[in-house]
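Engineer: There's a structure below that I have some questions on.
The values are calculated or read from the model by the stated rules, or taken from the named source; none is laboratory data. Computed from a predicted model, the values in this text were never measured in an experiment. Every residue, glycine among them, receives a Cβ derived from its backbone with ideal geometry; neighbour counts consider all protein chains shown.
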Amino acid sequence: MIFSELYSIYYNTVAKIIEAAFNPEATEKDLQRCVVEEAFSESILTILPALKSGKWPLLNEDFSPVLIHKPTMPLTNLEKRWLKAISEDPRVKLFGIEFPALDNVEPLFTREDYRVYDQYGDGDPFEDEQYIKHFRLMLSAIRNNRPVRITMVNRHGKEVWIHFFPKGFEYSVKDDKIRIIATGCKFKQFNLGRVVSCDFYNGYGPWREKPQVERRKDLTLLITNERNALERAMLHFAHFEKQAERTDDDKYILRLKYYENDETEIVIRVLSFGPYVKVLEPESFVNLIKERLISQKSCELK
């Protein structure tokens, strides 16, 4: 079996579809549900159409399987070796996940087999015991929605302490550093490598109240799939919750959910597609597009 750390999800999804198709009462909606549950949100545009058209000759016209037996998806040696290589990455080890079944497996590659260019050399100390301790405390706080108190070194070299709710991690490939996404304080993020000490915050008072959840907004786009616009849009908005559906041979509806703080960035990204992406709703976002275009035309935008 061919293996890809990204596209193997398609193999597993198709296996689920074929398994569901062995049920004589299975409908097209049942097969679509397999795609929604197992694959990427935009995969509904490719997987089932490929099976229905015969491009992937695994289903008959009545959606019954071509195969005689249900497919099985055991891990191949190549997959095990890839997982072994990933498990030895110090960034993965931060999560404290054990892979006992891979103890006797040779890794597909090691850190000595490749070199990353265009990356700063002062990355975070991912194998430092104190760093690992801080990461795991933050991870626990994120999972349990608990506030923390940290002491850190600011950009002026002074130690300061801060209370906040950690909400997630962000890794920069260029900087080779992990940032903590924060809420409940005036700062939006912190470099984990600058943290000197941290612990759960158990204090009392108004600050102890959980901060308001950041408001999310909906955006609906019409994409004309010329100059590879659909694929580019999926890449541009890869980290947003989204749903895509085909409306015509070369037109697609893309529905996005985004946080209000990201709105300016979303406007810029939508404009970058030119005439191949049109905002359908909401009207407020259409007005933001118009305002930015007017500012650009009058050279008021910096």
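Engineer: Looking at (1) touching a helix residue (DSSP H, G or I) at 6+ places or on another chain (Cβ under 8 Å); (2) loosely packed, with under 13 Cβ neighbours inside 10 Å, find the lone condition where Phe109 falls short.
Structural biologist: (2)
Engineer: Filter the stretch 125-173 down to the residues that are surrounded by fewer than 17 Cβ atoms within 10 Å (Cβ to Cβ), hydroxyl-bearing (Ser, Thr, Tyr) and either without any contact (Cβ under 8 Å) to a residue 24 or more places away in the chain or not in a strand (DSSP E or B) (or both) and list them by number.
Structural biologist: If the condition is that a residue be surrounded by fewer than 17 Cβ atoms within 10 Å (Cβ to Cβ), hydroxyl-bearing (Ser, Thr, Tyr) and either without any contact (Cβ under 8 Å) to a residue 24 or more places away in the chain or not in a strand (DSSP E or B) (or both), then Ser140, Ser172 are the ones that fit.
Engineer: Being under 15 Å from the mean Cα position of the chain (by Cα), under 23 Å from Phe169 (Cβ atoms) and at pLDDT 85 or above: is that true of Leu235 here?
Structural biologist: Considered against the rule, which asks whether it is under 15 Å from the mean Cα position of the chain (by Cα), under 23 Å from Phe169 (Cβ atoms) and at pLDDT 85 or above, Leu235 comes out as no.
Engineer: Could you tell me which residue of the stretch 245-271 is nearest to Arg232 (Cα to Cα), considering only residues that are among the hydroxyl-bearing types (Ser, Thr, Tyr) and surrounded by 12 or more Cβ atoms within 10 Å (Cβ to Cβ)?
Structural biologist: Here the residue is Tyr252.
Engineer: Please go through the stretch 272-302 and give me each residue that is part of a strand (DSSP E or B), surrounded by fewer than 15 Cβ atoms within 10 Å (Cβ to Cβ) and not hydrophobic (A, V, I, L, M, F, W, C), ordered by number.
Structural biologist: Glu281, the sole residue that qualifies.
Engineer: Could you count how many residues in the stretch 226-263 are farther than 28 Å from Gln189 by Cβ, touching a helix residue (DSSP H, G or I) at 6+ places or on another chain (Cβ under 8 Å) and in a loop (DSSP other than H, G, I, E, B)?
Structural biologist: Count: 2.
Engineer: Which residues, taken from the stretch 89-122, are under 24 Å from the mean Cα position of the chain (by Cα), acidic (Asp, Glu) and farther than 18 Å from Lys177 by Cα?
Structural biologist: Residue satisfying the conditions is Glu98 alone.
Engineer: Between a first residue in the stretch 262-277 that is under 20 Å from Asn228 (Cβ atoms) and a second residue that is polar (S, T, N, Q) and surrounded by 15 or more Cβ atoms within 10 Å (Cβ to Cβ), which pairs have beta carbons less than 7 Å apart while being 6 or more apart in sequence or on different chains?
Structural biologist: Tyr276/Thr224
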